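Everything on this sheet refers to the single structure shown next.
The values are calculated or read from the model by the stated rules, or taken from the named source; none is laboratory data. Source: prediction; values computed, not measured. When we count neighbours, we look across all protein chains shown, and the Cβ atoms used for this are built from the backbone with ideal geometry, even at glycine. These accessible areas exclude ligands, DNA and RNA; they are computed on the full protein's heavy atoms, side chains included. Shrake-Rupley method; radii C 1.70, N 1.55, O 1.52, S 1.80 Å.
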Amino acid sequence: MQIGKVTVGGGAPIVVQSMTNTDTEDPVSTARQIAELARAGSELVRITVNTPAAAAAVPRIVERLQMMGVDVPIIGDFHYNGHQLLEAEPACAELLAKYRINPGNVGFGKKKDAQFGAIIEKAIEYGKPVRIGANWGSLDQSMVAMLMDENHRRAQPWDAAHVAREALIRSALDSAAKAEEIGLPRERIILSAKVSGVQELIAVYRDLAARGDYALHLGLTEAGMGSKGITASAAALAVLLQEGIGDTIRISLTPEPGGARTGEVIVAQELLQTMGLRAFTPLVTACPGCGRTTSEFFQELAKTVQAHVREQMPLWRVKYDGVENLTLAVMGCVVNGPGESKHANLGISLPGNGEAPAAPVFIDGEKAMTLRGDHIASEFIGILDDYVET
Ligand code: SF4
């Protein structure tokens, strides 16, 4: 399917997406954050569209992005009142590249089908894809009640977790079937069924993938902060991606107060790249250091090289084909330094404790030169820039 200029599913490369945390009613800060996420490498950006003022801000956000030269598809995240907002703001309906709706809160009671149908009709009218995104935290309660009834009649009843998992999956699949009945083509439907536990997420998505051929958006919802969120997301998504499940991913990290939102984009890219599924930037291999490296110089050099690569990548991507596939090694001593450096396109092995103060540099597997003195970091960065250029 096409989400704006980005192809998702059908064997296309797995797409990285993220979401803003600004107030969408504020087009200046929202456009600024979308631009930051896009420049960090987010290929799709989702914004919450929760009020009439937020829906009315969408054209102004898109206009600002155009002025900034940022061309990234924007997805509208709707809960409770999407049918009203899309009806009231045709420009919002037109400019969003995709609508995300949650079958657990698209409407309640008798209104549910009508409100769900109204959003799907808008997607048909404007030619948009729709993500039907079920979530553990907002399960469709009528579906849960029906499954509990069914469960009572079962000879061997499921446990509560199994009922909830089934409700999540069936909510997504039944909603997709309804959307198709209304007339939305299957090729414009993407499903997600997010939970916050690693093993539950793997079980849910395996089941979802086995029971339909819809494109799938993967993410561990409410993954948490820092290393916990990164580890849990990577653990869950890696298993699924390795099995060929998933067409887009989001890493849902809680940022530090005042921290950058772009961290989740970098983690998503690194997950895909370290698994060999995509390439976004040259990969930096660095050893962890040990008692042979009591100075922090080699850690500082690894950090400098990593930061330089990320900073230069937008420019490199424009100028040089294939630069994202390069590998770099920054190593701490002679034990594994030369060997690992030879495996990389460009590697440096710094002197460990007691070794001669010399840092051999390897280019394409061959020792090319030895750096010494106080300017090893800047000289190595210069060699890296020359290598990329040539
Ligand atoms: Fe330690 Fe050297 Fe191995 Fe790095 S390469 S972890 S410094 S032994």
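Divide by every residue of the chain the summed helix terms, -39500 (n - 2.57) for each DSSP H run of at least 4, and state the resulting mean residue ellipticity at 222 nm, rounded to the nearest 500 deg cm²/dmol.
After summing the helix terms and dividing by residue count, I get -15000 deg cm²/dmol.
Could you please tell me the mean projected area of the C-alpha convex hull for segment 235-310, averaged over all directions and given in square nanometres to one decimal?
Dividing the Cα hull surface by four gives the mean projection, 6.9 nm².
Order the following by accessible area, largest value first: TRP158, TRP136. Probe radius 1.4 Å; ligands, DNA and RNA are ignored.
Descending order: TRP136, TRP158.
For segment 338-390, what relative contact order do you get, as a whole percent, if you take Cα pairs closer than 8 Å and at least 6 residues apart?
So the answer I get is 27 percent.
If the limit is 23 Å between Cα atoms, which of LYS303/LYS342; LYS5/LYS303; LYS5/LYS228; LYS5/LYS98; LYS111/LYS194; LYS5/LYS122 go over it?
With Cα atoms farther than 23 Å apart: LYS5/LYS303; LYS5/LYS228; LYS111/LYS194.
How big is the shadow of the Cα convex hull of segment 57-197, averaged over all directions, in nm²?
Over every viewing direction, the Cα hull of segment 57-197 projects on average to 9.8 nm².
Roughly how compact is segment 340-381, stated as its Cα Rg over 2.2 N^0.38 Å to two decimals?
This ratio for segment 340-381 stands at 1.10.
Under Stokes-Einstein, with the Kirkwood radius over Cα pairs standing in for Rh, what whole-number D in µm²/s applies to the chain at 37 °C and 0.692 mPa s?
Rounded, D is 143 µm²/s.
If every alpha-carbon in segment 134-192 counts as one equal scatterer, what log10 I(q)/I(0) does Debye give at q = 0.21, 0.31 1/Å?
-0.80, -1.22
Amide H neighbours of ARG46 under 5 Å, counting only residues 5+ apart in sequence or on other chains, H built in-plane at 1.01 Å?
Here SER18, MET19, THR20, ILE75 satisfy the definition.
So what is the accessible area of segment 65-150 per residue, in Å², with the probe set to 1.4 Å?
With all protein chains present, segment 65-150 gives 43 Å² per residue.
Starting at the first residue of segment 131-137, write each ³J(HN,Hα) from the Karplus equation 6.51 cos²θ - 1.76 cosθ + 1.60 with θ = phi - 60°, in whole Hz, x for Gly and Pro.
9, 8, x, 7, 9, 3, x
How large is the convex hull of the Cα atoms of segment 105-169 per residue, expressed in Å³ as a whole number?
Given the Cα convex hull of segment 105-169, per-residue volume reads 89 Å³.
Expressed as a whole percentage, what fraction of the accessible surface of segment 168-257 belongs to carbon and sulfur atoms when a 1.4 Å probe is rolled over the protein heavy atoms?
52
Which log10 I(q)/I(0) values, to two decimals, does segment 211-339 give at q = 0.09, 0.12, 0.17, 0.19 Å⁻¹ under the Debye formula with one point per Cα?
Here log10 of I(q) over I(0) equals -0.34, -0.60, -1.07, -1.20.
Strictly greater than 13 Å: what percent of every Cα pair in segment 1-72 meets that?
Looking at segment 1-72, the distances longer than 13 Å represent 64 percent of pairs.
Can you report the principal axis dimensions of segment 1-139 using only the alpha carbons, biggest first, rounded to whole angstrom?
44, 37, 30
I need the peptides 331-338, 140-147 ranked by packing, meaning the mean over residues of other C-beta atoms within 10 angstrom, with the highest value on top.
In decreasing order of mean packing, 331-338, 140-147 become 331-338, 140-147.
Only four residue types carry charge here, +1 at the Cβ of Lys and Arg and -1 at the Cβ of Asp and Glu. Report the dipole size of segment 143-204 about the Cα centre in Debye, rounded to the nearest 20.
60
Any chance you could look up the accessible area of LYS194 with a 1.4 Å probe, heavy atoms only, rounded to 10 Å²?
Only protein atoms counted, so the area is about 10 Å².
Could you state how much accessible area LYS228 has, in square angstrom rounded to the nearest 10, with a 1.4 Å probe and all protein chains kept in place?
About 110 Å², ignoring ligands and nucleic acids.
Roughly what percent of Cα-Cα pairs across segment 263-390 reach past 22 Å?
33
Which value, in debye to the nearest 20, gives the size of the charge dipole of the chain about its Cα centre, when Lys and Arg are +1 and Asp and Glu are -1 at the Cβ?
Using only the charged Cβ atoms, the result is roughly 620 debye.
Separation of segment 327-351 and segment 376-390 by C-alpha centroid, Å?
Distance between centres, Cα-based: 15 Å.
Normalising by the residue count of segment 1-115, find the relative contact order in percent from Cα pairs under 8 Å and 6+ residues apart.
Normalised by residue count, the contact order of segment 1-115 is 24 percent.
From Cα pairs below 8 angstrom and at least 6 apart in sequence, can you work out the relative contact order of the chain, rounded to a whole percent?
11
At a 1.4 Å probe radius, which order do ARG211, ARG250 fall into by accessible area, largest first?
Ranked from most to least accessible, the order is ARG211, ARG250.
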